[in-house]
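To keep things clear, I will list the structure first and then write my remarks on it.
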Amino acid sequence: MRPHRIPWIAILTLVLALLGSGCSKRAPEKTTVNRLPDVLSYDETPVGAGDSLVNSVARALGPWMVLWRHAYPGFRADSLIFVGVGPAFRSVDVQPLRDMYPPPKENEAAFRILSAKSPDGRYDLIFDGYQCVQEEDGQIDIGGEADSAPLLLDLKRKTAQRFDFLGPGGGAFHWGAWVSPSRFVLTGTQLDDRYMGVRGRVQIYSLRDSTVTTYVTRPLHSSRSASYQAAWESWVAMRYHATKGVASRS
């Protein structure tokens, strides 16, 4: 990605860390990597058509599902596997908005492309605050930190909070959408050590009760997950060009 064979765990880490090159680096953040629970701790059966929460976000999830189908043909929202419900936002330091926004110049395009505003305009969800997207010689370079963490900007209260975190090799946050003014969905990938594969991850966050409900896909071999990675990178490039003119006029 050598004449020598590379252990599968190293290959998986390289696939998931593709985003960690090409842009300037910051000092690494000392935070525990958030990994999936052991696969034996939850039922691997897909939720099917009876999960009301999945049904409520299925339409909003549509664009990400199109990308994931490059690795998992026939994937649907009811193919997801329920992991569990946990607290969200409760132990996160809230910072002044000015500390996070506007972002450094190398992160400006990523904040524009990898983000979604709430329907009422109050919040701006940044899918990955460590990401950067730049154009060099006509090519789109996607890079930044090996870490990955989303940001929630409260434009009314002028606050910002990094509310989740994945360390190097742990996965990445890729895409998100608002379902309502108080609920959003965040998606990405996560390493599954037990199956030596990569899972898609879907997390549904509720601002009303400060909870997150997590679902995953079945594990995929790294060679198949690379198809999703390529599709996502193409989507980022498309978004970059689509929003470039808007940014230059603002």
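Annotations
- Computed from the C-beta positions of E135 and D99, the FRET efficiency with R₀ = 30 Å rounds to 0.65.
- Shape category assigned to the range 110-172 from the gyration tensor of Cα positions, a/c cut at 1.5: oblate
- Length added when fully stretched, D120-H241, from 0.36 nm per residue minus Cα-Cα: 40.9 nm
- Length-normalised contact order for the range 41-249 - Cα pairs under 8 Å, 6+ apart - percent: 21
- Spin-label pair L53/S182, simplified geometry with 7 Å Cα→Cβ offset, distance in nm: 1.6
- Relative packing of 199-208, 43-52, which averages over residues the other C-beta atoms within 10 Å, highest first: 199-208, 43-52
- Stokes-Einstein D (µm²/s) once Rh is taken as the Kirkwood radius of the range 41-249 over alpha-carbon pairs, at 4 °C in 1.567 mPa s: 73
- The range 185-250-the range 112-171 distance, computed between alpha-carbon centres (Å): 12
Since every read-out is calculated from the coordinates, none of them should be taken as a lab result. Given the structure is predicted, the values throughout are model-derived calculations rather than measurements. Quick reminder, even Gly has a Cβ in these numbers, built from the backbone with ideal geometry, and neighbours come from all protein chains shown.
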